[in-house]
1. Among what's in region 40-58 and is within 18 Å of residue 152 (Cβ to Cβ) and within 24 Å of the chain's Cα centre (by Cα), pick the residue that is surrounded by the fewest Cβ atoms within 10 Å (Cβ to Cβ).
2. Does residue 41 meet the test of being in a loop (DSSP other than H, G, I, E, B) and not acidic (Asp, Glu)?
3. Looking only at region 273-332, filter to residues that are assigned to a loop (DSSP other than H, G, I, E, B), open to solvent by less than 90 Å² (accessible area, probe 1.4 Å) and of a type in the set (D, E, K, R); which one of those is modelled with the lowest pLDDT?
4. Can you name every residue in region 156-165 that is of a type in the set (A, V, I, L, M, F, W, C) and without any contact (Cβ under 8 Å) to a residue 40 or more places away in the chain?
5. Please go through region 20-33 and give me each residue that is open to solvent by 50 Å² or more (accessible area, probe 1.4 Å) and under 17 Å from residue 78 (Cβ atoms), ordered by number.
6. Among the strands (runs of 3 or more DSSP E) confined wholly to region 85-143, which include 2 or more residues that are among the hydroxyl-bearing types (Ser, Thr, Tyr)?
7. Is one or more of the residues making up region 63-75 over 22 Å from the mean Cα position of the chain (by Cα), open to solvent by 70 Å² or more (accessible area, probe 1.4 Å) and within 23 Å of residue 34 (Cα to Cα)?
Amino acid sequence: MTSSHQDVPPCQWFSRLAAFLDRRSVPRLAWLFLGAVLARGRRTVTSWIRAAGLSTQFRPCYTTVAAAGKKAKDIAARLVCEVVKPLVADLARLTLALDDTPTQRYGPFVQGAGIHHNPTPGPAGSPHVYGHIWVVLGLLAVHPVWGVIALPLLARLYVRAKDLAAIYPQHRPEFQTKLEMAAELLRWAHSWLKYLGKPLWVVVDGAYAKAPFLKPAMSLGMTVVSRLRKDAALWTVPGPRVAGRRGRPRIYGEHRIELAKRAGQRRGWTTEAFELYGKPAKKRYKTFVATWRPVRGMIRVVLVDEIRGVLRPGVTEEEIRAVAERLLALAA
């Protein structure tokens with residue numbers, strides 16, 4: 001008869017991450033972590049079980065995964081304390097990346113699944129995908145061989161309001177927007193990473209450059225790097241307060257800033273070499289300070305001039321974020 005207690009796999013990190021569970025489930029979860037690394041094809045728990053060699057114990061494995069889901073915050077906190085801390089010891093600041101990622105699912109009775117926008121449809125792909133969508137928080141680290149990589153820390157499952165009715169009431173979560181989930185993830189990360197004593201930056205795409213996300217990030221003292229809409233309502237910086245004038249100081253300037261006109265001006269441009277995906281690249285950019293209502297104050301704007309228009313074919317948002325982060329570091 002096969003024993004239900006496995007030996008702990010030879011990976012200290014997996015064992016430490018699983019330490020929050022019952023002692024009978026710790027070795028099983030550690031093996032499932034190993035199976036998740038070795039699994040091929042569809043990224044499902046079944047493939048993890050098969051890759052870990054636990055097919056004869058699939059029922060306890062599903063129970064272990066459910067228990068790990070309930071302890072996700074504790075396991076992620078252990079990940080930050082035990083794994084992340086030595087990786088970021090030499091960094092001047094900690095850079096977080098936050099985005100929503102869809103995972104395709106099959107079948108009409110998948111709990112929490114729905115139809116979402118497909119960010120990478122491809123030449124023959126559909127603009128929409130059926131499955132789950134996760135708001136994922138990761139920590140950016142530099143690997144000596146692979147360059148910048150994202151280490152996922154914690155994620156939240158986003159379910160559209162119209163899809164909540166299909167979930168059983170006892171399992172139905174409260175509706176939260178992606179921006180609310182992202183702000184919650186930032187608060188969790190700040191509660192653990194603040195003890196490292198390093199500045200916290202967060203890199204997001206333009207969908208998160210809105211007040212429900214920006215204001216909580218600013219209240220936590222984080223620096224947000226994002227993309228502005230080309231028609232963003234920017235205003236100049238207010239001038240010095242006039243002596244003797246009553247009332248509160250102005251927050252916004254009196255003149256509107258149009259990005260298209262600023263980009264069309266010949267003055268103020270600077271050219272510098274940057275490293276993008278391990279390769280040197282020259283970028284021509286312009287930076288200035290403006291005021292913006294979603295943050296109720298000043299922001300630094302960076303315009304990047306591309307040779308083939310605003311965005312040349314093949315440019316990814318990760319490349320734009322890397323350039324913007326580097327430019328903001330230089331301009332600070």
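The values are calculated or read from the model by the stated rules, or taken from the named source; none is laboratory data. Note that the structure is a prediction, hence the values are computed from the model and not measured. Because the Cβ atoms are built from the backbone with ideal geometry, glycine has one as well, and the counts that use them run over all protein chains shown. Surface accessibility is based on the protein's heavy atoms, side chains included, excluding ligands, DNA and RNA. Shrake-Rupley method; radii C 1.70, N 1.55, O 1.52, S 1.80 Å.
1. 43
2. yes
3. Checked region 273-332; the qualifying residue modelled with the lowest pLDDT is 312.
4. Matches in region 156-165: 161, 164, 165.
5. Result: 20, 22, 23, 33.
6. Answer list for region 85-143: 94-104.
7. The answer is yes, given that some residue of region 63-75 is over 22 Å from the mean Cα position of the chain (by Cα), open to solvent by 70 Å² or more (accessible area, probe 1.4 Å) and within 23 Å of residue 34 (Cα to Cα).
Here is a yes/no grid of residues against (1) assigned to a loop (DSSP other than H, G, I, E, B); (2) hydrophobic (A, V, I, L, M, F, W, C); (3) in contact (Cβ under 8 Å) with a residue 40 or more places away in the chain; (4) on the phi < 0 side of the Ramachandran plot:
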{"site": "152", "(1), (2), (3), (4)": "no, no, no, yes"}
{"site": "180", "(1), (2), (3), (4)": "no, no, no, yes"}
{"site": "215", "(1), (2), (3), (4)": "no, no, yes, yes"}
{"site": "228", "(1), (2), (3), (4)": "yes, yes, yes, yes"}
{"site": "239", "(1), (2), (3), (4)": "yes, no, no, yes"}
{"site": "250", "(1), (2), (3), (4)": "yes, no, no, yes"}
